[in-house]
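To keep things clear, I will list the structure first and then write my remarks on it.
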Number of protein chains: 2
Amino acid sequence: MEQVSYTLDASEQPTHWYNIVADLPTPPPPPLHPATQQPVGPDDLAALFPPELIAQEVSGERYIEIPDAVREVYAQYRPSPLIRARRWEEKLGTSARIYVKYEGVSPAGSHKTNTSVPQVYYNALNGVTRLTTETGAGQWGTALAYACSLFGLGCEVWQVGASFDSKPQRRTLIEVFGGTVHRSPSRMTEAGKAFAEDHPGSLGIAISEAVELAAQAPEAKYALGSVLNHVLLHQTVIGEEAVRQLAKAGESGADLVVGCAGGGSNLAGLAFPFLREKLAGNQSPRLLAVEPSSCPTLTRGEYRYDFGDTAGLTPLMKMYTLGHDFVPSPIHAGGLRYHGMAPLISHVVHEGLMEATALHQNECFAAAIEFARTQGIVPAPESSHALAQVRREALAAAETGAEPVIVVGLSGHGLLELGAYDSYLSGHLEDDPLSEDAVAAAMARLPQIG
Amino acid sequence: MEQVSYTLDASEQPTHWYNIVADLPTPPPPPLHPATQQPVGPDDLAALFPPELIAQEVSGERYIEIPDAVREVYAQYRPSPLIRARRWEEKLGTSARIYVKYEGVSPAGSHKTNTSVPQVYYNALNGVTRLTTETGAGQWGTALAYACSLFGLGCEVWQVGASFDSKPQRRTLIEVFGGTVHRSPSRMTEAGKAFAEDHPGSLGIAISEAVELAAQAPEAKYALGSVLNHVLLHQTVIGEEAVRQLAKAGESGADLVVGCAGGGSNLAGLAFPFLREKLAGNQSPRLLAVEPSSCPTLTRGEYRYDFGDTAGLTPLMKMYTLGHDFVPSPIHAGGLRYHGMAPLISHVVHEGLMEATALHQNECFAAAIEFARTQGIVPAPESSHALAQVRREALAAAETGAEPVIVVGLSGHGLLELGAYDSYLSGHLEDDPLSEDAVAAAMARLPQIG
């Protein structure tokens, strides 16, 4: 019997996160203070984050040790499996070898616990008793609530209005893990009050609300689920495992590494350890980001300084952006509806070290259902973007007889997104076109900086 | 760092299912033909099941080999993890060592794929192109639809009306896996037409409908998700793994093995390999079935011959029963709402080899939430019954300082049952009392047989 799922022995599991900054050919541009337009220093971030996370945010060290308390929680669900998708390969008739790195086995059902656990741990070390955050699809809010329950912190989540309205199960799950959920825009913040109460919301607005509350409350801090360097750092546990698991599967390396990209952390977590191998000349994989056509930050945005949130409370970050007040259409992959992109992902794309492409959601759901029926895993709508692109690559390989080794990030399961699947199966899903006018208008409103 | 999750190497994984019948001190009473009241022969079952399953149903062989094609599917998600619930132990302040055997990692999110895969495999071998079945909570329907998608069979599922109405996500999941769902009672069968269209339904009615359709259609057969000997047989892969994993955890054996009991297959699958060890004198665990107070088959039912379905289409089986037309109250643990109990579980309980107890649902949800917040797994409402009983046992151990090794079956996750959790969290859940009158009336209607 052929092995299809690869794990790691206790002695093989990563003990450190990997910091890509140490190996980049050119340094990434620093974040700027919105008032001075000078690089932000650690003090500028101290109201929002504990010192260990600030140190990680600006670190140039190649490896940063994972604290024992964090590794103990990781050990409950990690290593996540690397699965050879043989049944899907057969269905596609491809000569490609497809390996799926599956993060849906985590307590929150996605990769997000990889960073929520260390973030809460460092906050707890520093006496913080309450964390605020935003959530889009709900995966990040779930992950933070779970981590807070482990370390005894309170957790308040501003959930994007459209998601709050359409997915009551997600709110319940956050509550099961002990968190409190507010619909965003809420009446609790100035940032929220700037919008009508029934506004569908956006990640940018929800971030503004959570940041505003944390900045005001001395016992509270803020936690971000993607975009920032320290978040991407924590996610590298994914790729560190995958590099080792792929070797255990007998492969000399990956030819293609694919992930969906919303804020960028899931993709970075998988891809950066492979990028290290590429920069060191050990492997030569193409790295590929897949984003939704309705929010095509990397493929249609501009690489420039912009805010991470709608209200302009965050530092200015150099990144691909559609404009910080651009509100993407309410596609089902809520985790991909973000106007910007992690500065580190933006940098490696800008430097030509990573490619990007954009897909419409019907193609993604079709691939997801084919995957579910063969492999028995219902993908998150976000992850389905990566699978749909792999499907294209695998069919192309079938044409030429090429045998690429493809590693794809399956960032989470879609069991709380079955309403979206129902829309697809009943033929009600639209491939929402990007509003060029909306992007142009949002870009025109940007400050000229950097 | 301490290990908390135990797996098995490929060479340690079970190659055979275990048949408890070979080791029982007394043989279990045979099923009877309703017309002749004589033991049913293989021919009587041929309209519903393929020959391999009929052979397994009546087999006295101790071990039955798992076909390679089935082991290949098992390998996608098995061995399921055996998890030392250290964080929950700490929360409970117990000296008990609690090991959780977690079946929620399967494609359907429950133990049900352990039998759906071999059932579909054997049907496919025999040229069957369509399977019919019932589903209560929806887990069995999901598992059968997934297995049918793997082997290319059509799958029609009659879902208990109350569950169909309250859980549209479950229907969608079955459809994602390629199945077709009918609300039961439906207008497609005589068994269904005997009830009003808006009747909340029951497992017994849904079974009648699926059996009726399969018996009429030459290309179709019927698949049952619990109760029967061959179903329990397939589930023993759970316990076979757990016995080995517990040894890898350094334990000499279990002191207590606990599972929830609806039809009985999840409990039997975990417990029967431990019962073998007990009968052989290798270990001496207590075996304990936990059922809902609103459907207390083992603790309040009578041990006698009864039908498995409401319409009386199945053979008569000697089992604990509340009467085959008893309709339990619509508690959230839909998988436990069954009037009867697997004949093999009934037999070992009657022989004093296994104990049983019954719990109300609020206590179960409270335990489930405590478990979720510590261990990061949201249990199925069914499984929460087993956890609540473990909680009692662990707190008792804390009083005495005893250090029992407890193995508990966590039959599935509850991510599609968050509506039930919402009811609990918002204080709207009632501990529905058992209607003694309804049971007495159902029992009075039973035929006197055996």
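Take the conditions crowded, with 18+ Cβ neighbours inside 10 Å, within 12 Å of chain B (Cβ to nearest Cβ), out of contact with any Pro (no Cβ under 9 Å at 6 or more places or on another chain) and aliphatic (A, V, I, L, M) and apply them to A:VAL157. Does it pass?
In short, no.
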Residue identified as more than 27 Å from B:GLU240 (Cα to Cα), touching a helix residue (DSSP H, G or I) at 6+ places or on another chain (Cβ under 8 Å) and not in a loop (DSSP other than H, G, I, E, B) among B:ALA145, B:ALA124, B:ALA162: B:ALA162
Tally, over region A:1-28, of residues that are part of a helix (DSSP H, G or I), of a type outside the set (D, E, K, R) and more than 14 Å from chain B (Cβ to nearest Cβ): 3
Residues of region A:89-110 satisfying the condition of being more than 14 Å from chain B (Cβ to nearest Cβ) and among the small types (Gly, Ala, Ser): A:GLY93, A:SER95, A:ALA96
In region A:29-59, what count of residues is obtained for those that are assigned to a loop (DSSP other than H, G, I, E, B) and either touching a helix residue (DSSP H, G or I) at 6+ places or on another chain (Cβ under 8 Å) or within 14 Å of another protein chain (Cβ to nearest Cβ) (or both)? 10
Out of (1) more than 14 Å from chain A (Cβ to nearest Cβ); (2) at pLDDT below 95, the odd one out for B:VAL290 is which? (2)
Subset tally (residues that are away from chain A (no Cβ under 14 Å) and touching a Ser or Thr at 6+ places or on another chain (Cβ under 8 Å)) for region B:165-191: 2
Check region B:194-207 and report whether any residue there is modelled with pLDDT of 95 or more and touching a Phe, Trp or Tyr at 6+ places or on another chain (Cβ under 8 Å). no
Hand me the list of strands (runs of 3 or more DSSP E) wholly inside region B:61-120 holding 1 or more residues that are buried (at least 22 other Cβ atoms within 10 Å of the Cβ) and in contact with a Cys (Cβ under 9 Å, 6 or more places away or on another chain). none
Tell me the residue from B:VAL40, B:VAL70 that is in contact with a Leu (Cβ under 7 Å, 6 or more places away or on another chain), touching a residue at least 40 places away in the same chain (Cβ under 8 Å) and of a type in the set (Val, Ile, Thr), please. B:VAL40
In this structure, is B:GLY138 touching a helix residue (DSSP H, G or I) at 6+ places or on another chain (Cβ under 8 Å), modelled with pLDDT under 95 and on the phi > 0 side of the Ramachandran plot? yes
Answer yes or no as to whether B:ILE205 is more than 14 Å from chain A (Cβ to nearest Cβ), touching a strand residue (DSSP E or B) at 6+ places or on another chain (Cβ under 7 Å), among the aliphatic types (A, V, I, L, M) and farther than 21 Å from B:ALA46 by Cβ. yes
When residues of region B:34-52 are limited to those that are over 22 Å from B:ASP306 (Cα atoms) and crowded, with 18+ Cβ neighbours inside 10 Å, the one modelled with the lowest pLDDT: B:PRO50
Based on this model, can you work out whether B:THR189 counts as within 23 Å of B:GLY412 (Cβ to Cβ), of a type in the set (Ser, Thr, Tyr) and out of contact with any Lys or Arg (no Cβ under 6 Å at 6 or more places or on another chain)? no
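State the number of residues belonging to region B:246-277 that are at pLDDT 95 or above and surrounded by 21 or more Cβ atoms within 10 Å (Cβ to Cβ).
Of the residues in region B:246-277, 21 are at pLDDT 95 or above and surrounded by 21 or more Cβ atoms within 10 Å (Cβ to Cβ).
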Any idea which of (1) over 19 Å from B:ALA96 (Cβ atoms); (2) without any contact (Cβ under 8 Å) to a residue 60 or more places away in the chain is the one B:GLY250 doesn't satisfy? (1)
When (1) without any contact (Cβ under 8 Å) to a residue 60 or more places away in the chain; (2) within 11 Å of chain A (Cβ to nearest Cβ); (3) farther than 23 Å from B:LEU213 by Cα are applied to B:THR113, the one that fails is (3)
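Considering only region B:279-323, state which residues are over 15 Å from B:MET341 (Cα atoms) and in a strand (DSSP E or B). So that I can check it myself, show each step before the final result.
Taking region B:279-323 first, the residues over 15 Å from B:MET341 (Cα atoms) are B:279-287, B:311-313.
Residues satisfying the conditions are B:ARG286, B:LEU287.
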Looking at region B:169-226, which of the residues that are surrounded by 23 or more Cβ atoms within 10 Å (Cβ to Cβ) and among the charged types (D, E, K, R) is nearest to B:PRO328 (Cα to Cα)? B:GLU209
Residue list for region B:414-435, filter: in contact with a Phe, Trp or Tyr (Cβ under 8 Å, 6 or more places away or on another chain) and either over 17 Å from B:GLY376 (Cα atoms) or of a type in the set (Lys, Arg) (or both): B:ALA420, B:TYR424, B:LEU429
Which condition number does A:ALA398 fail, the rest of (1) touching a residue at least 40 places away in the same chain (Cβ under 8 Å); (2) among the small types (Gly, Ala, Ser); (3) over 15 Å from A:CYS260 (Cα atoms); (4) within 11 Å of chain B (Cβ to nearest Cβ) being met? (4)
Among the residues of region B:123-143, write down those that are in contact with a Pro (Cβ under 6 Å, 6 or more places away or on another chain) and surrounded by 24 or more Cβ atoms within 10 Å (Cβ to Cβ). B:ASN123
Regarding region B:381-398, can at least one residue be identified that is more than 20 Å from B:ILE238 (Cβ to Cβ), surrounded by fewer than 24 Cβ atoms within 10 Å (Cβ to Cβ) and in contact with a Gly (Cβ under 7 Å, 6 or more places away or on another chain)? yes
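Have a look at A:ALA372, A:ALA356, A:ALA342, A:ALA368 and point out the one that is away from chain B (no Cβ under 14 Å) and under 21 Å from A:VAL100 (Cβ atoms).
A:ALA356
Residues are listed down the side, and each one gets a yes or a no for (1) among the polar types (S, T, N, Q); (2) more than 24 Å from the chain's Cα centre (by Cα):
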residue: B:PRO27; (1), (2): no, no
residue: B:THR36; (1), (2): yes, yes
residue: B:GLN56; (1), (2): yes, no
residue: B:SER59; (1), (2): yes, no
residue: B:ILE64; (1), (2): no, no
residue: B:PRO81; (1), (2): no, no
residue: B:LEU92; (1), (2): no, yes
residue: B:TYR99; (1), (2): no, no
residue: B:HIS111; (1), (2): no, no
Residue identified as touching a helix residue (DSSP H, G or I) at 6+ places or on another chain (Cβ under 8 Å) and part of a loop (DSSP other than H, G, I, E, B) among A:ILE369, A:ILE331, A:ILE345: A:ILE331
With the requirement that a residue be in contact with a helix residue (DSSP H, G or I) (Cβ under 9 Å, 6 or more places away or on another chain), away from chain A (no Cβ under 14 Å) and either in a loop (DSSP other than H, G, I, E, B) or among the aromatic types (Phe, Trp, Tyr) (or both), what does region B:405-434 give you? B:SER411, B:GLU430, B:ASP431, B:ASP432, B:LEU434
Across region B:184-238, what is the number of residues that are among the charged types (D, E, K, R) and over 24 Å from the mean Cα position of the chain (by Cα)? 6
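The values are calculated or read from the model by the stated rules, or taken from the named source; none is laboratory data. Please read these numbers as outputs of a predicted model, since none were measured by experiment. Because the Cβ atoms are built from the backbone with ideal geometry, glycine has one as well, and the counts that use them run over all protein chains shown.
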